[in-house]
Amino acid sequence: MDDGTGLAEKMLGLSGFRVLSVEEVPGEVVVTIETLCQRRYCPSCRKRAEAQDRVRVPLRDLSCFGRATRLVWVKRRWRCKRDGCVKKTWTERHPELVDRQVLTPRAGMEATRQVGLYARSVASVAKELGVSWDTVMAAVVHHGTPLIEARGRTGVRALGVDETSFRAANAEHSTTYATSLVDLDRRVLIDLIEGRNAADLRRWLAERSKRANKATKVVALDLTETYRSGLSPHLSHAIRVADPFHVIRVANRCLDQVRRRVQNETLAHRGRKDDPLYKIRKLLLKGAERLDEKGTERLLLGLRVGDPSDEVLGAWMAKESVRDVYLTDDLAEATILLDKAIAGCLADEVEEIRTLGRTLSRWRQEILNHHRTGASNGPTEGNNFCVKQVKRAARGMTTFEHYRLRVLLHAGGVTWPSTPFPPPLRRSVNPH
């Protein structure tokens, strides 16, 4: 429209409203609006009503051209003239502006997108919009809860289970934990529950439908007895897989324990930068096939000087025997390698290595199930990174319900309302 008629309404983007004025005040733009409707009928007796007066209702909207925007809705108050009508007076309503909310629906949804999808802090979004922390968090709860509930509660074929810390320990409480439940096929977080006990996991499974539990065929978990026992009885039919990363970590921990003990026994102090075993601590944990000639020489020299009884060497060989299980994809070959590793560890004279053998023996079937299914907790560990991103942005959480909501909005595979993206803007190139 060349004459500018309706230009302000088009920029406003709210159907059924007209712009009365636009005023720039320090720190924000104030847009005064009213509805187009000039006639109303009483919702009780259906008789024609008359306008009584106006009420100015301020609302915080999305920023306009880099400036905070405040809408002022001049609402009409209507009155029924019919004697005996119970309605008396009422103010007008509009579906695009919700009563008793500081933020407009589109501003509330955008705040939810910033906090959820982009893992921004609530405080930064509140400062940007010019509202309080509570206002933004209320919008996140209002708009975000339907989004995480709309994902559906269908069963998953492969389930990943792992723990993350919720609150760090302080003078008032010890460290509290949360359990992440991940769909390994879609690589998305399906739920987050408070606690890491068998009872907590069993309670979550009991709340699912029998059909959803029956659909789960594989469960990947770390070497934690609480999670393994928590799967019964609801997922007793599922194949349990010990995550390879955690199995190797148990072997690495055994090697570290032996190295530290030998260090203290031979030099009577903790590792220092010039101590032979301390200098090779990272080489010990590195895979043998990844060591070059120089690295191998440094490793052997450190063991020769700092490991007089070959205990660290035995722990290193035990660690490598565990890693060998995952260097093959053949189940029969992996079974032979794992049984050899278990037998070798159980027959060793070092207590830490025998403990590793007992752990491998207890989890033998779950370790071999990785070769049967190919499942691992890799997607779960990836989602744990997303969980920590939310926690870092918030700089600490106190309410688990808010924590769960924000984590699921960020990593839960939420389908966000589509936002049209503009076509790319390119400068015309002068051929001359």
Lysines whose Cα lies under 22 Å from that of LYS391, excluding same-chain neighbours fewer than 8 positions away: LYS127
For region 100-200, alpha-carbon Rg relative to the globular expectation (2.2 N^0.38 Å, N residues): 1.31
Distance from region 8-26 to region 297-322 (C-alpha centre basis), Å: 75
Cα-Cα over 29 Å, subset of LYS286/LYS388; LYS210/LYS340; LYS340/LYS388; LYS282/LYS388: LYS210/LYS340; LYS340/LYS388
Lys, Arg +1 and Asp, Glu -1 on Cβ, resulting dipole of the chain about Cα centre, debye, nearest 20: 2340
Calculated from backbone phi, Karplus (6.51, -1.76, 1.60) coupling profile of region 178-187 in Hz, x at Gly/Pro: 10, 10, 8, 10, 10, 7, 5, 6, 8, 6
Interchain or long-range residues, amide H under 5 Å from PHE166's placed H: THR176, TYR177, ALA178
Partner lysines for LYS10 [C-alpha distance under 25 Å; skip if fewer than 8 residues away on the same chain]: LYS75
Whole-Hz couplings from phi, Karplus 6.51/-1.76/1.60, listed for region 319-329; x for Gly and Pro: 4, 5, 5, 6, 5, 4, 4, 9, 8, 10, 9
Degrees between helix 198-207 axis and first principal axis of the chain (Cα, 0 to 90, nearest 10): 40
Estimated vicinal HN-Hα couplings, Hz - region 31-38 in sequence order (Karplus 6.51, -1.76, 1.60; Gly, Pro = x): 10, 9, 9, 8, 7, 7, 5, 10
Residues of region 10-30 with amide N under 17 Å of a point placed 7 Å along Cα→Cβ from LEU36: 10-21
Loop-located GluC sites (Glu not before Pro) in region 341-416, at most 14 other Cβ atoms within 10 Å (DSSP): GLU349
P(r) histogram, all alpha-carbon pairs of region 201-283 included - 10 Å bins from 0, percent: 15, 31, 17, 15, 15, 6, 0
Calculated FRET efficiency for the pair ARG260/LEU346, C-beta based, R₀ 25 Å, to 0.05: 0.65
Share antiparallel - DSSP beta bridges, the chain, percent rounded to 5: 75
Cα gyration tensor shape of region 123-268, rounded if a/c is under 1.5, else prolate or oblate by comparing a/b with b/c: oblate
Inter-site label distance for ARG100 and SER418 at 7 Å from Cα along Cβ, in nm: 3.5
For region 278-422, radius of gyration divided by Kirkwood radius, i.e. Rg to Rh on alpha-carbons: 1.14
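Quick one: net charge around ALA158, please, counting Lys, Arg +1 and Asp, Glu -1 for every other residue with C-beta under 13 Å from its C-beta.
Value of the local net charge: +3.
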For region 295-410, accessible area per residue (1.4 Å probe, heavy atoms of protein chains only), Å²: 49
Per residue Cα convex hull volume in Å³ - calculated over region 366-421: 147
Read-out Rg and Dmax of the Cα atoms in Å, derived from the coordinates shown; its label in (i) 39.4, 139; (ii) 31.6, 105; (iii) 22.9, 72: (ii)
Bins of 5 Å, starting at 0 and running to the largest distance - Cα pair percent for region 40-166: 2, 9, 14, 14, 12, 11, 10, 10, 8, 4, 2, 2, 1, 0
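The values are calculated or read from the model by the stated rules, or taken from the named source; none is laboratory data. In this text, all values refer to a predicted model and were calculated from it rather than measured experimentally. Quick reminder, even Gly has a Cβ in these numbers, built from the backbone with ideal geometry, and neighbours come from all protein chains shown. For accessibility, only protein heavy atoms count, side chains too; no ligands or nucleic acids. Shrake-Rupley method; radii C 1.70, N 1.55, O 1.52, S 1.80 Å.
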